[in-house]
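Here the structure comes first, spelled out in structure tokens, and everything after it is commentary.
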Amino acid sequence: MPDSVSPFTLVDVPGGMPLLGHLGTFRKHPLEALSTWWRRHGDALRFRLGPKALYLFSHPDLAEEVLVRQFDRFVKVYDPQRPTGLALVLGNGLVTSSGEVWKRHRRIIQPIFHRSRMAAMADRMAQVGEQRVAAWKDRVGSTIDIAAEMMQLALEVISQTMFSTSMTQHIERISHALRVSITYAFDSFSNPLFLPLWVPTARNREFHSVMQFMDELMYGLLAERRHSGAHHDDLLDLLLQARDEETGEGLSDQELRDEALTIFAAGHETTANALAWTWYLLATHPKERAYFHEEIDQVLQGRTPTADDLQHLPYTRALFDESLRLYPPAPAVQRKAAAPTTIGGLSLPEGAFVLVGTYNLHRHPDFWPNPEQFRPERWLNGERSSSRYAYMPFGAGPRTCVGLHFASVEGPLLLALIGRHYDLKLAQDSVEPHLMVTLRPKGGIRMTLQPRKVSVVVPTKQTITHASELS
Ligand code: HEM
């Protein structure tokens, strides 16, 4: 495969310790480590976590090379025979699988996310959103953890849209199980000294116990649908009806469990974090919050948003895009070189472990004016980066997020829906981003709920679509 990128210089991150390499710094503050090393040492770096060398690429050309041009050479890092990291939780589902299994399962799952289904999905999202907002009535004036609230809201959205069922009665246990299992997965990946699963430590026992709960939940969903024979035209139906073109065989129970859990987990955690970060940005930027309120009041006139409204809510969509830029829920994408290869003039051995630094790309000063500033208007006035791979919150290439359209409807829709009812004020001094597979606000975000008086305004021609109105 020709290497079409102009040459880069590989820098070894200084300060590695014998044996441990950069493990200490990385494990303490993974996001800060990746971002500080990049700012200090450049776009192509190598560092060590124990014996494992990792390459950190933070340039759009290198991202394109790994995820698009040399897609066949840079594969997912998981081995179904010896699961590690996220595969310990998700098994061999769409996020973690490779090769023919991935291709076949992507073909099965993709149609559920077709644009033509989004209007109906949006109605369901809005229903779930209104129920959640109604439940906040008794908490007006008090503080809530908006990150936890968004997690529970997004979880219920995914349950209702993909599995046609409500998970409200299990929500606390599911949130706990996912938090425990994903933290475990991240630690097992980033810490070479991590004890294997069969060692009966308290932590391993806790992991087994939450996974047992999640397995029972997923197998329960499948059994219930099979038993009832009901048709809901949802993801569960698609998975259960899928047949191999050649053998006519359906998916095995293990495959069904892995795909269901993958969509369940990947389909809410990312969007929930994106929403939490957007509320945080709005709470700390009064001018932008005022524009947001003005737009939703003008367009919605006090009613619940639909998918059709989104085209008339450009500022709300820009807020979401800008939030995904500053706080990408997946701040680094991992791959492994399946064979020796060259990228940007750098030789990579077979098995080389690569991180594409999405967080860094999104703040790269060569591609973004005022990269650290929250400027939603950059998405409306042509100020966004001209380099396609300088912005990739949903990844790039054939493994781009299958839920991209879903999330692009869900995010702005729920922002508008909640923003119509409530003004959210920050009730703590600062918020720290924390990388734990996804980018979470460490310890949550305390906010005060204040009801908004929805000002029903007569629509004028001055809807917020032009940058001149925003400066
Ligand atoms: C703001 C929300 C979201 C963000 C930022 C996001 C981000 C991403 C990224 C970066 C990837 C690519 C990972 C890689 O290349 O290794 C990905 C893949 C994936 N996402 Fe999302 N995602 C979001 C929402 C969703 C939703 C709503 C669903 C499902 C309902 C979903 C399901 C998946 C799946 C199944 C994959 C694996 C696709 C494949 O490899 O074929 N995501 N996502």
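So here's what we get for this one:
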| item | result |
| --- | --- |
| Residue match in segment 100-108 (condition: surrounded by fewer than 19 Cβ atoms within 10 Å (Cβ to Cβ), in a loop (DSSP other than H, G, I, E, B) and within 20 Å of the chain's Cα centre (by Cα)) | no |
| Residue selected from segment 255-279 under the condition among the small types (G, A, S) and within 8 Å of the ligand (Cβ to nearest atom), by the criterion farthest from L178 (Cα to Cα) | A274 |
| Filtered residue count, segment 419-433, keeping only those that are away from the ligand (no atom under 16 Å from the Cβ) and not in a loop (DSSP other than H, G, I, E, B) | 8 |
| Residues (at pLDDT 90 or above and either surrounded by fewer than 21 Cβ atoms within 10 Å (Cβ to Cβ) or not in a helix (DSSP H, G or I) (or both)) located in segment 65-87 | V68, R69, Q70, F71, D72, R73, F74, V75, K76 |
| Count of segment 434-444 residues which are surrounded by fewer than 16 Cβ atoms within 10 Å (Cβ to Cβ) and either in a strand (DSSP E or B) or within 16 Å of the ligand (Cβ to nearest atom) (or both) | 1 |
| Conditions (1) touching a residue at least 24 places away in the same chain (Cβ under 8 Å); (2) over 30 Å from L414 (Cα atoms); (3) within 13 Å of the ligand (Cβ to nearest atom); number of the one not met by L90 | (2) |
| Residue count, segment 360-373 (criterion: buried (at least 17 other Cβ atoms within 10 Å of the Cβ), touching an Asp or Glu at 6+ places or on another chain (Cβ under 9 Å) and either free of Cβ contacts under 8 Å to residues at least 24 places away in the same chain or assigned to a loop (DSSP other than H, G, I, E, B) (or both)) | 3 |
| Hits in segment 381-414 (condition: part of a loop (DSSP other than H, G, I, E, B), more than 8 Å from the ligand (Cβ to nearest atom) and modelled with pLDDT of 95 or more) | Y391 |
| Condition check for I144: crowded, with 16+ Cβ neighbours inside 10 Å, among the β-branched types (V, I, T) and within 16 Å of the ligand (Cβ to nearest atom) | no |
| Hey, A290 outside any helix (DSSP H, G or I) and of a type in the set (A, V, I, L, M) or not | no |
| Total residues in segment 234-273, condition outside any helix (DSSP H, G or I) and among the basic types (K, R) | 1 |
| Subset of segment 187-222 [more than 25 Å from V157 (Cα to Cα), in a helix (DSSP H, G or I), at pLDDT 85 or above and not basic (K, R)] | A202, N204, E206, F207, H208, S209 |
| Number of the condition not met by S97 [criteria: (1) within 18 Å of the chain's Cα centre (by Cα); (2) within 12 Å of the ligand (Cβ to nearest atom); (3) farther than 15 Å from G403 by Cα; (4) assigned to a helix (DSSP H, G or I)] | (4) |
| Residue check for L355: in a helix (DSSP H, G or I) and among the hydrophobic types (A, V, I, L, M, F, W, C) | no |
| Residue in segment 44-63 that is in contact with a Phe, Trp or Tyr (Cβ under 7 Å, 6 or more places away or on another chain), outside any loop (DSSP other than H, G, I, E, B) and within 12 Å of the ligand (Cβ to nearest atom) present | yes |
| Total residues in segment 235-255, condition of a type in the set (D, E), at pLDDT 90 or above and under 16 Å from R107 (Cα atoms) | 2 |
| Cβ pairs under 7 Å, 6+ apart, first in segment 195-209 and over 14 Å from G85 (Cα atoms), second not in a helix (DSSP H, G or I) | T201/L195 |
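For every residue, the table says whether it meets (1) away from the ligand (no atom under 11 Å from the Cβ); (2) among the charged types (D, E, K, R); (3) under 16 Å from R378 (Cβ atoms); (4) surrounded by fewer than 23 Cβ atoms within 10 Å (Cβ to Cβ).
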{"residue": "Y315", "(1), (2), (3), (4)": "yes, no, yes, no"}
{"residue": "L319", "(1), (2), (3), (4)": "yes, no, yes, no"}
{"residue": "L326", "(1), (2), (3), (4)": "yes, no, yes, yes"}
{"residue": "P331", "(1), (2), (3), (4)": "no, no, no, no"}
{"residue": "Q334", "(1), (2), (3), (4)": "no, no, no, yes"}
{"residue": "T342", "(1), (2), (3), (4)": "yes, no, no, yes"}
{"residue": "S347", "(1), (2), (3), (4)": "yes, no, no, yes"}
{"residue": "F353", "(1), (2), (3), (4)": "yes, no, no, yes"}
{"residue": "T358", "(1), (2), (3), (4)": "no, no, no, no"}
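The values are calculated or read from the model by the stated rules, or taken from the named source; none is laboratory data. Since the model is a prediction, treat every value here as computed from it, not as a measurement. Counting neighbours? That spans all protein chains shown, and the Cβs are built from the backbone with ideal geometry, glycine included.
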